[in-house]
Amino acid sequence: MLLAILAGTAGAAQVPQAFILKADDFRHYVDEFNAGDEELYANIANAEAWDFLKDNIPLFHCPDADFERTYYFRWWTYRKHVKKTPDGYVITEFLPKVPWSGKHNTISCPAGHHFYEGRWLHDPKYLDDYAVFWFQKGGSPRRYSFWAADALYAGYKVRPDKKLITSLLDDLIRNYGEWEKSRLCPDGLFWQIDDRDGMEVSIGGSGKRATINSYMYGDATAISKIAQLAGRADIAGEYKSKAQKIKLLVQRKLWDDEAKFFKTLSRDKDTLVDVRELHGYTPWYFNLPEPDAGYEVAWKQLTDPRGFHAPFGPTTAEQRHRRFIISYKGHECQWNGPSWPLSTAVTLTAMANVLNNYDQDAITKADYFETLKVYTKSHRLKRADGRVVPWIDENLNPFTGDWISRTRLKSWKNGTWDAGKGGKERGKDYNHSSYCDLVITGLAGLRPRADETVEVNPLLPADRWNWFCLDNVLYHGRIITILWDKTGAKFGKGKGLFVFADGKQIARAASLDRIKAK
């Protein structure tokens, strides 16, 4: 129950440090990660990791050691991919050079995740440079599917820099137009090769996929909003209409009413494929499906062991399908069953949107928490000496937690690593997904907005943790602190859910409810 909204207004001056938590209390994680690391490749080196992180990241403290460790581990790995180049900073996917990358080893496939995750860094120069790089410094934004405009606008909602985002508007419009030239079908839907979605060897294959159409809907919506900021009403109206058209077509043509799921539509046969694939949840990443239309029933498949649920899942294809497989033969990167962090992160972001923006009974906060917990548990590797260390790599065996491509690549060329595939430990510290953004916007519940309202809706179930604190979040120029203390004994600020801006309380609730404040 909401006790108070707008309990006070934040002062004009920004507090330059966390309000509750102390950064040095979490340095031990970085020291542990560094000590156990085989530092094969470096942009920002391990020796510089703590200095970078303490100056840039939100702090998170909770009673679950796996969640807390993984949160700092993912920031520690993200830092490795912040690369200084003659064209400014870029964010990489692989640390070693891979032959399918573009300039400066960049790849557009995970770049949307890079922006969603990196928008919480305090220093804006890294993502500002990266945004300009894609469109003005030699980036290849259409080599793979990439929700570019949406990702940039997601960053704007955290740090409203009108000048930067409007300066890229014409680039984003041109980028959208090139997608229309190469991938727009006569019926108004976009098509994509599954490999160009970063989802090779998928069961559903290429066609009019939920991925590319959702990305184009998200980009059209974002371009419309950026155009409004730029005072270009004609462009805003045009792209709002484009988004609406895609929305209607996705719901009419990609929804399988018998299977109750969004699917791929074959280009040649104009029929829906016979498999549910995890990317069918992508429309909710952009809040595309119409509320109150019944589409949320699709989410029941996420917790069904015949659907996508697995101990180290979710799986990328439904397990009941005859072609579902976990293979250690053929291509090392297959999307016909294994768990992929990229798709898991999309699913969890989409799931948070459903729980925040839709009135439904298909999934609950408990389902979100358990799915995030499974994802958290997957961040590990058992070394030959028996040690279990934090790890992020490419694709997972959803039943054992084995990193499949790593196991495969190690066996090639008489046990040596294949240099033509990226070299030794190609997938180590793989930057192909988000995690910290899921903790910030989902679990802790800070919902980024373009206006000056702070909205918090934690997806933590009431019976899981008695406390947590998210602190040092630079948001709209203020330091935001979100604190949950069920008994009031942990942080000494009282019982309940609190939101502070620059150290001043602006909202409070007795329980884990949605609260808003200016």
Worksheet item: Restricting attention to region 187-213, and to residues there that are on the phi > 0 side of the Ramachandran plot and in a loop (DSSP other than H, G, I, E, B), which single residue is farthest from the chain's Cα centre (by Cα)?
Response: Gly188
Item to complete: For region 330-347, indicate whether the set of residues that are surrounded by 15 or more Cβ atoms within 10 Å (Cβ to Cβ), within 30 Å of Leu121 (Cβ to Cβ) and touching a Lys or Arg at 6+ places or on another chain (Cβ under 8 Å) is non-empty.
Response: no
Fill in: Counted residues, region 374-391 - those being at pLDDT below 95 and aromatic (Phe, Trp, Tyr)
0
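Among the residues of region 392-409, is any modelled with pLDDT under 90 and either within 16 Å of the chain's Cα centre (by Cα) or among the hydroxyl-bearing types (Ser, Thr, Tyr) (or both)? Please lay out each step first, then the result.
The first filter runs over region 392-409 and keeps only residues modelled with pLDDT under 90, leaving none.
No, region 392-409 has no match at all.
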Item to complete: Mind counting the residues in region 271-289 that are of a type outside the set (A, V, I, L, M, F, W, C), touching a residue at least 40 places away in the same chain (Cβ under 8 Å) and surrounded by fewer than 22 Cβ atoms within 10 Å (Cβ to Cβ)?
Response: 2
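Against the definition (of a type in the set (Phe, Trp, Tyr), over 22 Å from Lys247 (Cβ atoms) and under 22 Å from the mean Cα position of the chain (by Cα)), how does Phe133 come out, yes or no? Spell out the reasoning first.
Values: of a type in the set (Phe, Trp, Tyr): yes; over 22 Å from Lys247 (Cβ atoms): yes; under 22 Å from the mean Cα position of the chain (by Cα): yes.
When the stated conditions are applied, Phe133 passes them.
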Worksheet entry | Residues (touching a His at 6+ places or on another chain (Cβ under 9 Å) and free of Cβ contacts under 8 Å to residues at least 40 places away in the same chain) located in region 108-136 | Leu127
Item to complete: Could you name every one of the strands (runs of 3 or more DSSP E) located completely within region 39-141 that has at least 2 residues being under 30 Å from Arg174 (Cα atoms) and not aliphatic (A, V, I, L, M)?
Response: 82-85, 88-91
Discussion item. If I filter region 180-220 down to residues being free of Cβ contacts under 8 Å to residues at least 40 places away in the same chain and farther than 12 Å from Thr264 by Cα, which single residue comes out as surrounded by the most Cβ atoms within 10 Å (Cβ to Cβ)?
Written reply: Arg183
Practice prompt. Output the number of residues of region 375-400 satisfying the condition of being of a type outside the set (S, T, N, Q) and either surrounded by 18 or more Cβ atoms within 10 Å (Cβ to Cβ) or touching an Asp or Glu at 6+ places or on another chain (Cβ under 6 Å) (or both).
Written response: 10
Fill in: Filter pass, Ile440 being within 19 Å of the chain's Cα centre (by Cα), modelled with pLDDT of 95 or more and crowded, with 19+ Cβ neighbours inside 10 Å
yes
Worksheet, complete the sentence: Output for Cβ contacts, cut-off 8 Å, separation at least six or different chains, first residue modelled with pLDDT of 95 or more in region 470-490, second hydroxyl-bearing (Ser, Thr, Tyr), reads Leu470/Thr481; Asp471/Thr481; Asn472/Thr481; Val473/Thr481
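The values are calculated or read from the model by the stated rules, or taken from the named source; none is laboratory data. Bear in mind the structure is a predicted one, so any value in this text is a computation, not a measurement. For neighbour counting, all protein chains shown are included, and Cβ atoms are generated from backbone atoms with ideal geometry for every residue, glycine included.
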